[in-house]
1. Give all pairs with beta carbons closer than 6 Å in which a residue from region 233-253 that is in the same structural domain as ARG198 (by TED's automatic domain parsing) and in a helix (DSSP H, G or I) meets a residue that is at pLDDT 95 or above and within 16 Å of ligand 2 (Cβ to nearest atom); count only pairs at least 6 apart in sequence or on separate chains.
2. Going residue by residue through region 280-291, is there one that turns out to be out of contact with any helix residue (DSSP H, G or I) (no Cβ under 9 Å at 6 or more places or on another chain), surrounded by 14 or more Cβ atoms within 10 Å (Cβ to Cβ) and assigned to a helix (DSSP H, G or I)?
3. Might you let me know whether region 129-139 holds any residue that is within 14 Å of ligand 2 (Cβ to nearest atom) and either at pLDDT 95 or above or aromatic (Phe, Trp, Tyr) (or both)?
4. Of all residues in region 163-173, count the ones that are away from ligand 1 (no atom under 12 Å from the Cβ) and either polar (S, T, N, Q) or in contact with a helix residue (DSSP H, G or I) (Cβ under 6 Å, 6 or more places away or on another chain) (or both).
5. Quick check on SER12: is it modelled with pLDDT under 95 and crowded, with 21+ Cβ neighbours inside 10 Å?
6. Report, by residue number, each residue of region 145-158 that is surrounded by fewer than 21 Cβ atoms within 10 Å (Cβ to Cβ) and closer than 22 Å to ALA258 by Cβ.
7. Hey, among ALA323, ALA277, ALA301, ALA264, which residue is in contact with a Ser or Thr (Cβ under 7 Å, 6 or more places away or on another chain) and modelled with pLDDT of 95 or more?
8. Which condition breaks for ASN316 when tested against (1) within 15 Å of ligand 1 (Cβ to nearest atom); (2) over 30 Å from ALA19 (Cβ atoms); (3) not small (Gly, Ala, Ser); (4) not in a helix (DSSP H, G or I)?
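The values are calculated or read from the model by the stated rules, or taken from the named source; none is laboratory data. Just so it is clear, the model here is predicted, and its values are computed rather than measured. Every residue, glycine among them, receives a Cβ derived from its backbone with ideal geometry; neighbour counts consider all protein chains shown.
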Amino acid sequence: DKPLTLLGIESSCDDTAAAVVRLEDGRGAILSSVVEGQAALHAAFGGVVPEIAARAHAERLDGVVEQALEQAGVALDRLDGIAVTSGPGLIGGVLSGVMLARGLAAATGLPLIGVNHLAGHALTPRLTDGLSFPYLMLLVSGGHCQFLVAHGPETFQRLGGTIDDAPGEAFDKVAKLLALPQPGGPPVEAEAAQGDPRRFAFPRPLLDRPGCDLSFSGLKTAVLRARDAIIAEKGGITRQDRADLCAGFQAAVADVLAEKTRRAVALYLTLAPAQPALSVAGGVAANRAIRARLEQVADGAGLAFTAPPLRLCTDNAAMIAWAGIERLRAGTAPGTDLTARPRWPL
Ligand code: KG4
Ligand code: ZN
């Protein structure tokens, strides 16, 4: 295993990111990881505006790449390759990243590797915790919600996922309903800690159906109805009402995630993994109540539980560089899949 140093580029949503990651003695080290968020640009619109995102990526990418190389103390011609997110995501942003990476590769002659953004998330626990294949992964963020078994750097088995909203999206919408700030996860979690999770009997969507698919859009609607019922009855909601709504909502999300994780674990264990492990990633993994439940499920089934640090759970380019390293190490011919793809299931 010879050392490998890769530049990673990520621009598929609303973070412009570049990173340098080095593989040495079988372990990955992050030499730099620059993430420039665009929250302020999109705040006034209540969501990410694709055109604004694409323009911001196009303007900022080269500067972010320069910073990443400088912070790592690595010159472009000392790299062993360039990895770039080539999908799935907002196409304008993905294209900006892909075109820059192509230009850099053409100028340097370095190998170019197109990385699936979801594979980047899914391979992160190998960078942070050295997990060995196969491990079970739950991706839970504002944009993703799926169970994957990672068998190899390019082999992922999807066990199930949301059929509508991602849980982070539900947290954000519930926060909006209750006039709490965005992103909604942290304030809803804080309110929930003060509330009674049993006051409102919110649904546990899809628990009655077999399998690992999830649904969160009905839950958000149930919170809306409960809020409106209180307002109709009393003319407004009190602090305690709000806390109880948050507690009931969070308990429902946690119950659903825990039960579906239990099922995914059972499927995963039929593979008889040598070192069984569950890893969670994504912004929602920051929720202490949810995390504790998932950890319980892992403990109960004899699985090691890991969660990468939050800055590596949320969108970043270190995960893209690492995924590129894994692909090079596995001997994948680089460059063959380098077209920007808005949709690209793992
Ligand atoms: O992974 P992430 O930063 O971005 C993507 O969606 O790709 O995840 C952000 C999501 C937001 O919806 C946010 O509300 C949610 O993660 N989140 C949380 C918490 N912290 C962030 N959800 C629940 N509890 C939290 N403590
Ligand atoms: Zn992501």
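1. VAL253/PRO167
2. Looking for residues that are out of contact with any helix residue (DSSP H, G or I) (no Cβ under 9 Å at 6 or more places or on another chain), surrounded by 14 or more Cβ atoms within 10 Å (Cβ to Cβ) and assigned to a helix (DSSP H, G or I), one finds none in region 280-291, hence no.
3. yes
4. Matching residues across region 163-173 total 1.
5. It is true that SER12 is modelled with pLDDT under 95 and crowded, with 21+ Cβ neighbours inside 10 Å.
6. Result: VAL149, GLN157, ARG158.
7. Within the list ALA323, ALA277, ALA301, ALA264, the selection yields ALA277.
8. Result: ASN316 fails condition (2) only.
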